[in-house]
Amino acid sequence: MLRDPVYFDAVPLALVSLVLLLLTACGGGHYPQSVFHAEADFSRELDGLFRNIFAWAVGVFVVVEALLLVAIARFRARPGGPEPKPVHGHTALEIGWTLAPALILVFIAVPTMRTIFDTAGHAPEGALRVEVIGHQWWWEYRYPTLDISTANELHIPAGMPIQVEMTSADVIHSFWIPRLAGKRDLIQGRTNRIAFRTDSTGEYWGQCAEFCGASHANMRLRVIAQSDSVFQRWVDRQRAAPVTPAKGSVEETGQQIFRRSACIGCHTITGIANAKVGPDLSHVGGRGTIAGALFPNTTESLHRWISNAPSLKPGALMPPQSLQGADLDAVVAYLQSLK
Ligand code: CUA
């Protein structure tokens, strides 16, 4: 049979290209949801465990492949060579290949168990308590000791342990901020806990990590870790009463329309409406994102969201609103004023 020289050149070339392509995936260090850039005690512990197990796996791979190559090179059939000698049983070899994997499993199991207990969710004394409630498809955050309720954006002080206590208002969700902590399930009628502490201020993105319906993939979350003084200013703002619009302003018109609209059937604005179906809007204007941290909190997003939320987020429980023109503008202006 004739050999096709093109075929023999193409195979190594294709392999090299494939490896290069795969390696490009390792290049970036700036993925906002990369577990390889841990910034909290919880995530660092998971990262360490992963690297430990990965090192063992690489070791096993190298030894097994090396033995395989040696066997292929030394013991392959050669023309005119002798028949191989049949072998039955090799006590030393069999004890060896039973003990070695058992030992490796012990070296993997011990740090794994330790990590499971270390990340079981018990924060040290003096931790800040945050209750997280999963909803289809947004996150509710309550700070019971600070008397604050907010949504989608979790503010935490850097350098302080955070005790997260979570549950769900409907189906099972999962709380996951890859660079900080998680995953852990939120289950209705039960409280699961996570404790973590980050020393770096900054913004961290997360994601619901348990399939929870049509907009599971649109259930994002944002964590903002702040220095003590900045966090305290945020707390003070959240605890203050919502802004009262100036007499005769467009915001005041917006507030009046809001009071008469269907909005009050689902949302809270302290002193104006008191329903708990959707996010608390008392300080919605101060948030960077809306709708499960999915869209930037801009005039345009608010317009589109209020007009037809399900078109932006499949299955969203907020029905399209009939507000239009100047009325819609006024409501948006009012919401934006609620810093
Ligand atoms: Cu909530 Cu997936």
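The values are calculated or read from the model by the stated rules, or taken from the named source; none is laboratory data. Since the model is a prediction, treat every value here as computed from it, not as a measurement. In this analysis, Cβ positions are derived from the backbone assuming ideal geometry, glycine residues included, and neighbour counts consider all displayed protein chains.
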- Which numbered condition Val230 fails, given (1) modelled with pLDDT of 90 or more; (2) β-branched (Val, Ile, Thr); (3) closer than 15 Å to Gln336 by Cα: (3)
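Residues checked against (1) touching a Gly at 6+ places or on another chain (Cβ under 6 Å); (2) exposed (fewer than 15 other Cβ atoms within 10 Å of the Cβ); (3) closer than 30 Å to Glu125 by Cα:
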{"site": "Cys212", "(1), (2), (3)": "no, no, no"}
{"site": "Ala240", "(1), (2), (3)": "no, yes, yes"}
{"site": "Val243", "(1), (2), (3)": "no, no, no"}
{"site": "Gly248", "(1), (2), (3)": "no, yes, no"}
{"site": "Thr268", "(1), (2), (3)": "no, no, no"}
{"site": "Gly285", "(1), (2), (3)": "no, no, no"}
{"site": "Gly288", "(1), (2), (3)": "no, yes, no"}
{"site": "Phe295", "(1), (2), (3)": "no, no, no"}
{"site": "Leu302", "(1), (2), (3)": "no, no, no"}
- What are the residues in the range 152-177 that are under 16 Å from Asp280 (Cβ atoms) and either more than 15 Å from the ligand (Cβ to nearest atom) or aliphatic (A, V, I, L, M) (or both), if any? Glu153, Leu154, His155, Ala169
- Query: For the range 178-198, what are the residues that are at positive phi and either in a loop (DSSP other than H, G, I, E, B) or away from the ligand (no atom under 16 Å from the Cβ) (or both)?
  - Reply: Gly189
- Task: Please tell me if Phe175 is aromatic (Phe, Trp, Tyr), within 16 Å of the chain's Cα centre (by Cα) and assigned to a loop (DSSP other than H, G, I, E, B).
- Result: no
